[in-house]
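**Student:** One structure follows; several queries about it will come next.
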Amino acid sequence: MVYFVGAGSGAADLITVRGMRLLEQADIIIYAGSLVNPQVLDYGKETARKYNSAKMTLEEVLDVMKEGERTGKMTVRLHTGEPSIYGAVREQMDELDRLRIPYESCPGVSACFGAAASLNLEYTLPGISQSLIITRMEGKTKVPEKESIESFAAHQASMAIYLSTGMLRELSSRLMAGGYSGKTPAALVYKATWPEEEVYICMVETLYDTAVQHHITKTALVLVGDVIGCRDYEKSRLYAADFSTEYRTGKTT
């Protein structure tokens, strides 16, 4: 059996309880070595065989899974953050389907949620934004034309932009071309929730300069939107005194 497990956004204790228990039982652990906090591996058994997938091809990863299944071993495929976001898991699952090897998924905490916790940020403030767009700039992996930065920026929603730290000058330009003001609040979060985390609040037009000033070239998440640092928003109706729910009758004044 193969389990795809999200390691969380960085801090070793941000893996889910289920993910931790799966690691404790695993005979084989294949982990994303360039991105997963090494401390997470401490949850595994001393006898577990560990493979760093940063040094492996897809075929080599599958060979380890096949051998584990052949010998009746339990395998954990440990991905960074939440595997369903930029985790390249579907291609592994399709091959396991072809090989008739059973698998299950265990969710994790993605970097955008770790970053929100670090900033004490709510992405969906009433009257400001009720949507969070998770996207990336085009790099080695193409982005569909209909999902351009400009088209998303036109919505003026909260945005979390992954895998784009090396293209911040272009990113700022495209965000502004799409409709964001250059003065729109932004944040650059380096290694969210890791011990070495760095957080910098800036503006869309100063993203590149902020990265240069603090020597950030990779492993950072870009957040954009008026929710950052916002204090002028509408309160939620959920807890309003005159709002009735299944559990509470609204009070009239």
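The values are calculated or read from the model by the stated rules, or taken from the named source; none is laboratory data. Worth saying up front: this structure is predicted, and the values here are computed from it rather than measured. Cβ coordinates were reconstructed from backbone atoms using ideal geometry, including for glycine residues, and neighbour counts include every protein chain displayed. Ligands, DNA and RNA are stripped out before the accessible areas are found, and what is left, the full protein with its side chains, is counted by its heavy atoms. Shrake-Rupley method; radii C 1.70, N 1.55, O 1.52, S 1.80 Å.
**Student:** Scan Ser172, Ser148 and give me the residue that is of a type in the set (Gly, Ala, Ser), under 20 Å from Tyr86 (Cα atoms) and either in contact (Cβ under 8 Å) with a residue 12 or more places away in the chain or in contact with an Asp or Glu (Cβ under 6 Å, 6 or more places away or on another chain) (or both).
**Tutor:** Just a single option satisfies the conditions, and that option is Ser148.
**Student:** A further question on this structure: Taking only region 216-253 into account, find how many residues are open to solvent by 90 Å² or more (accessible area, probe 1.4 Å), under 28 Å from the mean Cα position of the chain (by Cα) and of a type in the set (Val, Ile, Thr).
**Tutor:** The qualifying residues number 1.
**Student:** Moving on. Of these, Thr80, Thr57, which one is of a type in the set (Val, Ile, Thr), open to solvent by 40 Å² or more (accessible area, probe 1.4 Å) and within 19 Å of the chain's Cα centre (by Cα)?
**Tutor:** So the residue among Thr80, Thr57 that is of a type in the set (Val, Ile, Thr), open to solvent by 40 Å² or more (accessible area, probe 1.4 Å) and within 19 Å of the chain's Cα centre (by Cα) is Thr80.
**Student:** Against the conditions (1) touching a Leu at 6+ places or on another chain (Cβ under 9 Å); (2) surrounded by fewer than 17 Cβ atoms within 10 Å (Cβ to Cβ); (3) assigned to a loop (DSSP other than H, G, I, E, B), where does Glu95 fall short? Just the number, please.
**Tutor:** Tallying (1) touching a Leu at 6+ places or on another chain (Cβ under 9 Å); (2) surrounded by fewer than 17 Cβ atoms within 10 Å (Cβ to Cβ); (3) assigned to a loop (DSSP other than H, G, I, E, B), Glu95 fails exactly one: (3).
**Student:** May I ask you to list the residues in region 130-144 that are polar (S, T, N, Q) and in contact with a Phe, Trp or Tyr (Cβ under 7 Å, 6 or more places away or on another chain)?
**Tutor:** Thr135
**Student:** Hey, another quick one. In region 170-180, which residues are open to solvent by 60 Å² or more (accessible area, probe 1.4 Å) and not aliphatic (A, V, I, L, M)? Walk me through it before giving the result.
**Tutor:** Taking region 170-180 first, the residues open to solvent by 60 Å² or more (accessible area, probe 1.4 Å) are 170, 173, 176-177.
Result: Glu170, Ser173.
**Student:** Looking at region 98-115, which of its residues are in a helix (DSSP H, G or I), surrounded by 18 or more Cβ atoms within 10 Å (Cβ to Cβ) and either of a type outside the set (A, V, I, L, M, F, W, C) or without any contact (Cβ under 8 Å) to a residue 24 or more places away in the chain (or both)?
**Tutor:** Gly114
**Student:** Restricting region 119-130 to residues that are of a type in the set (S, T, N, Q) and open to solvent by 50 Å² or more (accessible area, probe 1.4 Å), which is farthest from Arg237 (Cα to Cα)?
**Tutor:** Selected residue: Asn120.
**Student:** Based on this model, can you work out whether Lys50 counts as open to solvent by 80 Å² or more (accessible area, probe 1.4 Å), farther than 30 Å from Gly178 by Cβ and touching a strand residue (DSSP E or B) at 6+ places or on another chain (Cβ under 8 Å)?
**Tutor:** Against the criterion (open to solvent by 80 Å² or more (accessible area, probe 1.4 Å), farther than 30 Å from Gly178 by Cβ and touching a strand residue (DSSP E or B) at 6+ places or on another chain (Cβ under 8 Å)), Lys50 qualifies.
**Student:** Considering (1) open to solvent by 40 Å² or more (accessible area, probe 1.4 Å); (2) within 22 Å of Asp97 (Cβ to Cβ); (3) in contact (Cβ under 8 Å) with a residue 24 or more places away in the chain; (4) among the charged types (D, E, K, R), say which one Glu67 fails and leave the rest.
**Tutor:** (3)
**Student:** Let me ask something else. Of all residues in region 36-47, which are among the β-branched types (Val, Ile, Thr), under 21 Å from Asp13 (Cα atoms) and open to solvent by 70 Å² or more (accessible area, probe 1.4 Å)?
**Tutor:** Our first condition is that a residue be among the β-branched types (Val, Ile, Thr); within region 36-47, this holds for 36, 40, 47.
Keeping just the survivors that are under 21 Å from Asp13 (Cα atoms) gives 36, 40.
Of everything in region 36-47, nothing turns out to be among the β-branched types (Val, Ile, Thr), under 21 Å from Asp13 (Cα atoms) and open to solvent by 70 Å² or more (accessible area, probe 1.4 Å).
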